[in-house]
1. Roughly how far apart, in whole Å, are the Cα centres of the range 56-88 and the range 282-348?
2. Hey, got the dipole for the chain? About the Cα centre, +1 on K and R Cβ, -1 on D and E Cβ, debye to the nearest 20?
3. Full extension from E21 to D93: what is 0.36 nm times the residue separation minus their Cα-Cα distance, to one decimal in nm?
4. Considering the options L290, S327, G354, tell which one lies farthest towards the positive end of the dipole of the range 247-405, charges being +1 on Lys and Arg and -1 on Asp and Glu at the Cβ, about the Cα centre.
5. As a check on your grasp of the helix formula, calculate [θ] at 222 nm for the chain: sum -39500 (n - 2.57) over DSSP H runs of n ≥ 4, divide by the residue count, round to the nearest 500.
6. 7 Å from Cα along Cα→Cβ at both L246 and I381: what's the point-to-point distance in nm?
7. Taking 41 Å as R0, compute the FRET efficiency from the Cβ-Cβ separation of K305 and H57 and round it to 0.05.
8. Please check which bits of the range 5-46 a label hung off Q209 would reach, taking the label as a point 7 Å along Cα-to-C-beta and the cut-off as backbone N under 20 Å.
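The values are calculated or read from the model by the stated rules, or taken from the named source; none is laboratory data. For clarity, every value in this text was computed on a predicted model and none was experimentally measured. Cβ sites come from the backbone with ideal geometry, for glycine too, and all protein chains shown count toward neighbours. Accessible surface areas use protein heavy atoms only, side chains included; no ligands, DNA or RNA. Shrake-Rupley method; radii C 1.70, N 1.55, O 1.52, S 1.80 Å.
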Amino acid sequence: MLRVFITGYGIVSAFGKSWAEFRSALLKKQNAVKYMKDWEQYKELTTYLGAPILDYHYPKEWSRKQLRSLGRVSQYSVEAAGLALQMAGLYKDERIQDGRMGVASGSSTGSTDAVMQLAKLLFMGESDCNANSYIKSMPHTTAANIAIFYGLKGRMIPTSSACTSASHAIGYSYEAIKYGQIPMMLAGGAEELCPSECYVFNSLYATSQKNSTPNLTPSPFDANRDGLVIGEGACMLVLESEESMLSRGATPIAEVVGFGSTCDGVHITKPEAKTMQSAMELALKDAQILPSDIGYLNAHATATKWGDIVESYATNKVFGDKIAISSLKSYIGHTLGACGAIESIASIEMMNEGLFAPTINLKEIDKECAKLDYLQDFREIKTNYVMNNNFAFGGVNTSLIFKKV
C-alpha cells in the first residue's frame, strides 16, 4: 500500500480564493451570511439567508468555447482545480494528460439555471435550451468539465452525494492511489447557491429564520440555534503517491492517512449516531492511530437541532469529552457539495499553523449535546493529526484523517 500526499489545493469561496484570505476572514470571527433580497419573490420560503460569493469573476483568459459547457458550479470547480494544479506545480504539465491523473468531484446538483431550461421545455414546449443545457445540469458536470478543461485521461469518479460529495471524492481518490490504481488525482467538490436548495431544507424546518440578524447565524451547538444557512463555493485538492511526489521534487502540504464511510440504512434525512461513530472508527483503523492522537476535529455541525445532538454523541463515543471541536459552517454556511474539501483544507492549514478557529455564534452550549471541548475562541494546539467529518442526506457518513508533514 502506498502513502498519499496533498501537494496542492485551490479554493473558491465567499472568503476569497486563497488560504491567506480565508484565514484573515476567520480571524475576524465574522461570517459571510447575507440577507438575500432577491429571494423574497419565492413566497413559500420563510428564510432569506445565504452565504454567497459576491461579484464572482471567472479567469479572464477563459475562452468562449471553454465556457460553453460551464455552469456556475463548474466554473467554481474548474477554477479551483486550476489553482490546485498551480500550487502543486502541475499546471499545463504533460504528466497530467497522459493518464497519470484522474478526477473525483461532485455536487448536490448541476447548475439549476440549466435545469430550469429543461423544465421549461417539458412544461411549456419551448425553451432557450441548447446543446450544453444537459451538460451544465448533469450530476457529474464538475468532474467531466475539470477533466475536459485540463485534458485529464485517468479515472473519473463522480461523487454527487450531497454534503459528502467532496469528502467522498477525497476518500475514494486516496484509496485509488493507496492501492496503486493511479498515481495522481484531483479531488473535491463544488456548489452554487440556489433558492431551490434552500427550499429543500426550509420545507424540513431546518433553515435559520434569523432574517434580521444574518451575522448571528448559523450557530452550531448553541442552545438557541435555529437551523442552517446554505453557502457556495468549490475546493479541489491534488493527491498523489509518495513516489510521484518525490520524483518531481514536490512539497507536501499534508498526508492523507485515514478514510471511513458508512451509511445509516434507516432514514433518508434523520442521522444515526451509531453509523457516524462507525465511520470515525473506520478512519482511525485505516490510519492505524488511536483516538487520543487526533488533536482537533472539524465537525459537520450544520446548526440543525437533531443533527448537532446526534453528531456530538457519536463524537463523544469515539473520543470522550476532551476532543477539541468546532464547525467552520458558522463562518461560510453549509457549502453542501464543497464542504468536505473546504473544511479539510482549512483543518490542515490550521494544523500546520497550530492555531484553530472556534465556532462563532456559539454563546451557550446546548445541554442536550454531549460533552466535548467546544472551541469558543481561537486556540493554539500542537497536533500531528486532524479529522474532518461530513454527513449527508441518504444516511451517508464520511470521516477523513490528515497527518502533518
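1. A separation of 30 Å, based on Cα centres.
2. 340
3. 23.2 nm
4. It is L290, whose Cα lies furthest towards the positive end.
5. Computed mean residue ellipticity for the chain: -10000 deg cm²/dmol.
6. That separation, rounded to one decimal, is 3.1 nm.
7. Working from the Cβ atoms, E equals 0.60.
8. Label zone hits: 34-37, 39-46.
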